[in-house]
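Structure record follows, encoded as structure tokens.
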Amino acid sequence: MSRTTHARQDAIDTAIRLFRAQGYAGTGLTQLLTESGAPKGSFYFHFPGGKEQLALEALAVYGEQVANWLKKRLQETPNDPATFVRAVFIGTARELTRSEFNAGCVATNLGGEMGADSIMAPAVARVLDSWIEVIADGVASAFDTRELARAYATTLMATLSGSRSMTRAYRSAAPLDAAAEFFVALLSCNLPAKSAASG
């Protein structure tokens, strides 16, 4: 791998780490340059759109990393939605604890800071949708239709994002633990839409 490619990847990796911990607005270009070791000229060679372009590329890389992590959990728990759901919440809690509660979510942080008309908004939506699809795959056997599995996955993702923020604020994995048990229990509930579809 060339030195140039290393510099680009270092900038992306640094952006992911800082955006997770500090968000977009809380991360200045000077800090990105200093911590990635990239000279300013080199940075703009790789990211002519500046910090915003770097954020979009960091989001795409982070989105793929998380999607692959979810797919691995799915491979480890085939046809076992409850174990899969627990693995997602437990894995998130462990990562947060190991990071001393600094490891936020790039997509959630960027999505929360950007206006609806920002070019970042559709990029964040695409990343979230990719994760929701994997979660829907993981719980599909518990539902009669893909639509219901995706609705469950969407609600789980929204709760996971909120629980992550609460865990960081409380510096305790208790919100994630509680959410995990709720969503596991929900898998065995006879949801109205499911009952109607079954009837």
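The values are calculated or read from the model by the stated rules, or taken from the named source; none is laboratory data. Please read these numbers as outputs of a predicted model, since none were measured by experiment. Glycine gets a Cβ as well: all are built from the backbone with ideal geometry, and neighbour counts include every protein chain shown.
Quick check on my filter: what residues within the range 34-64 are part of a loop (DSSP other than H, G, I, E, B) and either surrounded by 20 or more Cβ atoms within 10 Å (Cβ to Cβ) or in contact with a Ser or Thr (Cβ under 9 Å, 6 or more places away or on another chain) (or both)? Give the derivation first.
Step one: of the range 34-64, the residues part of a loop (DSSP other than H, G, I, E, B) are 37-39, 47-49.
Correct list: Gly37, Ala38, Phe47.
Could you tell me which residue of the range 20-48 is nearest to Asp10 (Cα to Cα), considering only residues that are of a type outside the set (A, V, I, L, M, F, W, C) and touching a Gly at 6+ places or on another chain (Cβ under 8 Å)?
From the range 20-48, those of a type outside the set (A, V, I, L, M, F, W, C) are 20, 22-24, 26-28, 30-31, 34-37, 39-42, 44, 46, 48; that's our starting set.
From the residues that got through so far, the ones that are touching a Gly at 6+ places or on another chain (Cβ under 8 Å) too are 20, 23, 44.
Numbers: Arg20: 15, Gly23: 18, Tyr44: 14 Å.
Of everything passing the filter in the range 20-48, Tyr44 is nearest to Asp10 (Cα to Cα).
Residues are listed down the side, and each one gets a yes or a no for (1) over 25 Å from Ala15 (Cβ atoms); (2) in contact with a helix residue (DSSP H, G or I) (Cβ under 6 Å, 6 or more places away or on another chain); (3) of a type in the set (Asp, Glu):
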position	(1), (2), (3)
Leu96	no, yes, no
Gly115	no, no, no
Ala121	no, no, no
Val124	no, yes, no
Ala140	yes, yes, no
Phe143	yes, yes, no
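Take the residues in the range 17-33 that are buried (at least 20 other Cβ atoms within 10 Å of the Cβ) and among the aliphatic types (A, V, I, L, M); name whichever of them is nearest to the chain's Cα centre (by Cα).
Checked the range 17-33; the qualifying residue nearest to the chain's Cα centre (by Cα) is Leu18.
Return the residues of the range 65-100 that are among the small types (Gly, Ala, Ser), crowded, with 19+ Cβ neighbours inside 10 Å and either in contact with a strand residue (DSSP E or B) (Cβ under 7 Å, 6 or more places away or on another chain) or farther than 14 Å from Leu156 by Cβ (or both); say none if nothing qualifies.
Ala93
Can you tell me which residue among Ala116, Ala169, Ala103 is within 24 Å of Leu59 (Cβ to Cβ), touching a residue at least 12 places away in the same chain (Cβ under 8 Å) and either surrounded by fewer than 20 Cβ atoms within 10 Å (Cβ to Cβ) or within 15 Å of the chain's Cα centre (by Cα) (or both)?
Step by step, each of Ala116, Ala169, Ala103 is checked, and only Ala103 is within 24 Å of Leu59 (Cβ to Cβ), touching a residue at least 12 places away in the same chain (Cβ under 8 Å) and either surrounded by fewer than 20 Cβ atoms within 10 Å (Cβ to Cβ) or within 15 Å of the chain's Cα centre (by Cα) (or both).
Hey, among the residues in the range 148-165 that are more than 25 Å from Phe101 (Cα to Cα) and free of Cβ contacts under 8 Å to residues at least 24 places away in the same chain, which one's surrounded by the most Cβ atoms within 10 Å (Cβ to Cβ)?
In this case the residue turns out to be Ala149.
Given the criterion among the β-branched types (Val, Ile, Thr), closer than 27 Å to Cys189 by Cα and touching a Ser or Thr at 6+ places or on another chain (Cβ under 7 Å), identify the matching residue among Thr108, Thr145, Thr92, Thr77. Outline the logic, then answer.
Details: Thr108 fails: closer than 27 Å to Cys189 by Cα; Thr145 fails: touching a Ser or Thr at 6+ places or on another chain (Cβ under 7 Å); Thr92 fails: touching a Ser or Thr at 6+ places or on another chain (Cβ under 7 Å).
After applying the criteria, what remains is Thr77.
Within the range 88-109, can you find the residues that are at pLDDT 95 or above, closer than 22 Å to Phe19 by Cβ and assigned to a helix (DSSP H, G or I)?
Those that are at pLDDT 95 or above, closer than 22 Å to Phe19 by Cβ and assigned to a helix (DSSP H, G or I): Val88, Gly91, Thr92, Ala93, Arg94, Glu95, Leu96, Thr97, Arg98, Val106, Ala107.
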